[in-house]
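Below you'll find the structure, written out as structure tokens, and then a few comments.
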Amino acid sequence: MLARVVALILLVLPAAVQAAWLRAETASFVGYSNGSERSLREKMGELQEFDQLLRLLTGIEPSGSAAKLPIYFVENGEFATLGMPARNVGGFYRAGPGYIAAFVGTSRTGAGDSDNHVLFHEYTHHFMLQNSRAAYPAWYVEGFAEYVSTARFEKTFTEFGGVGLGRAYALLAKAWLPVRTVMTSRVTDMSTYDRGQFYAMSWLAVHYLSRDEGRRAQLRAYLKAIDTGTPPDDAFTKSFGLSYEDFGKALRRYLDGKDITVTRISGAQAGRAQGDPVVALTRLPPAADRLVVPAAALAALDFRPASARGAGDAAREKRLLGIVRAAPAGDDFADLIVAEAEIKLGDRAVGIARLDARLAREPDNAQALYLRGMTQLIDAEATRDKEGLRRARVLLTRANAARPDDYRILAGHARSYATIDLPPKEVEVLMRAVELAPQVAELAIQAARVQARRGDRATAKALLMPLANSPHGGGLAQAAARLLAAITLGKPAGAIQAKDDGG
């Protein structure tokens, strides 16, 4: 009853009373928040400094073609709208066919760790996937993200390499996981308690191997061996010259000794010589106050009508549609969001009519062209309508002209050919989409199938290996592993079908 009363109060509050949404842009990020301008500016500045730190540690230069990562700072209760339980979740990252974004809860969770810990951890995953096609083992993926995620930035120095309180508590436990389990397992296969141990021990292993030049050389040799397909046990013993048991003892001694320190570098070393990062702030229109989070939730849904997607989370989707339909009429910001909601969750014909009307007024509106092209594509696929597929391709070609290098548009364009045997120029389009969004597993798998069918098994394997080793890949990682095994075993190219992964 109380929740209903609060909801009614919020409905009648004037727009000026409710917090307005802000958009903040830096060289690498676009942030959205309905908090204070000062807080958003600080968060975005720290994020940009963290990006600079990762580039310093990895030697990776900025890429002019990389899309800026959207970051949403939202109340933890909003996670439910996004299809993520709010309980014990400080934030999360998603990379899918419809969007790539990170979401950070503004309500504190966890045992006193930095507000930035989750955000920095998740961005590290995004950064490494964006900039490296190496097939890193799960423990290193998570351990390195933990190693840098406690970074903090002051005016005169940057500090990193510390341990979060939650990981420290786990390391103080007498019962550790066997080192071989940490080095060869996926975190998704573990219990909640074992996951905590896995993250903590992975942080410790990365810290131990990163603080001495000799051990750094061993780590580089190990990662190279894993990337080139050496079995994990062989790669470990050959690179480190220790058994798993002896390595565990070395970690214990390291933890109990006085060698665990943080690294502090000057502001100039961290790339701050040119001053604080530039953060450009703009205030979004009033309709954004209700629609920023629902718009992100809609982007995660595919373009099939709700009836074709199955039951899914029907209650959440119904609530989402209701929120969007309540948007003010005649608002340009809301218009395309409402159209997308109708197409995916409501009256498809109404959504299409909205898009057609918008394109009649604005024929070069990139978002309207993308939404209309993808809707046309999915409808044509369902009826095997070749002319409909051609019309979809025309719309997506126009969308690409209006908004070049959007991986979603490029992937849709390649998909419009409705075949795995793409024309050579369209293979280039698909590979460009993968280059722009290597984090999107579905896209990498499709490109690998295409390359394998063309006989380029080396490229196909290179696309699949990082995904097959992904600690959070779930079913898509398993699908990639099956497809990788088929290609490695020399399965005839003609036998690799569009659904060869079993998905």
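The values are calculated or read from the model by the stated rules, or taken from the named source; none is laboratory data. Worth saying up front: this structure is predicted, and the values here are computed from it rather than measured. No Cβ is skipped: glycine too gets one built from the backbone with ideal geometry, and neighbour counts run over all protein chains shown.
Structure notes:
- Qualifying residue in segment 149-168 (condition: of a type in the set (A, V, I, L, M, F, W, C) and under 18 Å from the mean Cα position of the chain (by Cα)): no
- Among the criteria (1) closer than 22 Å to Ser202 by Cβ; (2) in contact with a Phe, Trp or Tyr (Cβ under 7 Å, 6 or more places away or on another chain), the one Ala437 does not fulfil is (1).
- The residues on offer are Gly241, Gly257, Gly248, and the sole one that is of a type outside the set (A, V, I, L, M, F, W, C) and at pLDDT below 95 is Gly257.
- Restricting the search to helices (runs of 4 or more DSSP H) fully inside segment 230-307 and requiring at least 1 residues that are under 22 Å from Leu371 (Cβ atoms) and touching a Gly at 6+ places or on another chain (Cβ under 9 Å) gives 288-299.
- Residue list for segment 109-149, filter: hydroxyl-bearing (Ser, Thr, Tyr) and at pLDDT below 90: Thr109, Ser114, Ser132
- Consider segment 421-475 and keep the residues that are in contact with a Pro (Cβ under 8 Å, 6 or more places away or on another chain) and closer than 24 Å to Leu489 by Cα. The one that is surrounded by the fewest Cβ atoms within 10 Å (Cβ to Cβ) is Glu442.
- A single member of Leu410, Leu389 is under 25 Å from the mean Cα position of the chain (by Cα), buried (at least 18 other Cβ atoms within 10 Å of the Cβ) and modelled with pLDDT of 95 or more, and it is Leu410.
- Filter result for Val279 (over 29 Å from Ala20 (Cβ atoms), touching a strand residue (DSSP E or B) at 6+ places or on another chain (Cβ under 6 Å) and touching a residue at least 24 places away in the same chain (Cβ under 8 Å)): no
- Within segment 234-249, the set of residues being charged (D, E, K, R) and under 24 Å from Ser132 (Cβ atoms) comprises Asp234, Lys238.
- Residues that are exposed (fewer than 15 other Cβ atoms within 10 Å of the Cβ), of a type in the set (Gly, Ala, Ser) and within 28 Å of Ala173 (Cα to Cα) within segment 193-235 are absent altogether.
- Test: residue in segment 168-184 that is modelled with pLDDT under 95, in contact with a Pro (Cβ under 7 Å, 6 or more places away or on another chain) and closer than 30 Å to Asp276 by Cβ: no
- Ala95 fulfils the conditions (1) within 20 Å of Leu40 (Cα to Cα); (2) modelled with pLDDT of 90 or more except for a single criterion, (1).
- Residues being of a type outside the set (A, V, I, L, M, F, W, C) and touching a Lys or Arg at 6+ places or on another chain (Cβ under 7 Å) - total across segment 159-192: 1
Yes/no matrix, rows are residues, columns are (1) over 21 Å from Ala101 (Cα atoms); (2) modelled with pLDDT under 90; (3) of a type in the set (S, T, N, Q):
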site: Val5; (1), (2), (3): yes, yes, no
site: Ala15; (1), (2), (3): yes, yes, no
site: Ala19; (1), (2), (3): yes, yes, no
site: Glu25; (1), (2), (3): no, no, no
site: Gly31; (1), (2), (3): no, no, no
site: Arg38; (1), (2), (3): yes, no, no
site: Glu42; (1), (2), (3): no, no, no
site: Arg55; (1), (2), (3): no, no, no
site: Thr58; (1), (2), (3): yes, no, yes
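- Residue check, Gly214 farther than 22 Å from Ala145 by Cβ and either in the same structural domain as Thr488 (by TED's automatic domain parsing) or assigned to a helix (DSSP H, G or I) (or both): yes
- Meets criteria (more than 25 Å from Val104 (Cα to Cα), of a type outside the set (Ser, Thr, Tyr), part of a loop (DSSP other than H, G, I, E, B) and not assigned by TED's automatic domain parsing to the domain that holds Tyr208) for Pro328: yes
- Among the criteria (1) under 13 Å from Leu53 (Cβ atoms); (2) aromatic (Phe, Trp, Tyr); (3) surrounded by fewer than 22 Cβ atoms within 10 Å (Cβ to Cβ), the one Tyr136 does not fulfil is (1).
- Whichever residue in segment 452-503 is modelled with pLDDT of 90 or more and assigned to a loop (DSSP other than H, G, I, E, B) and, among such residues, is nearest to Gly229 (Cα to Cα): Asp456
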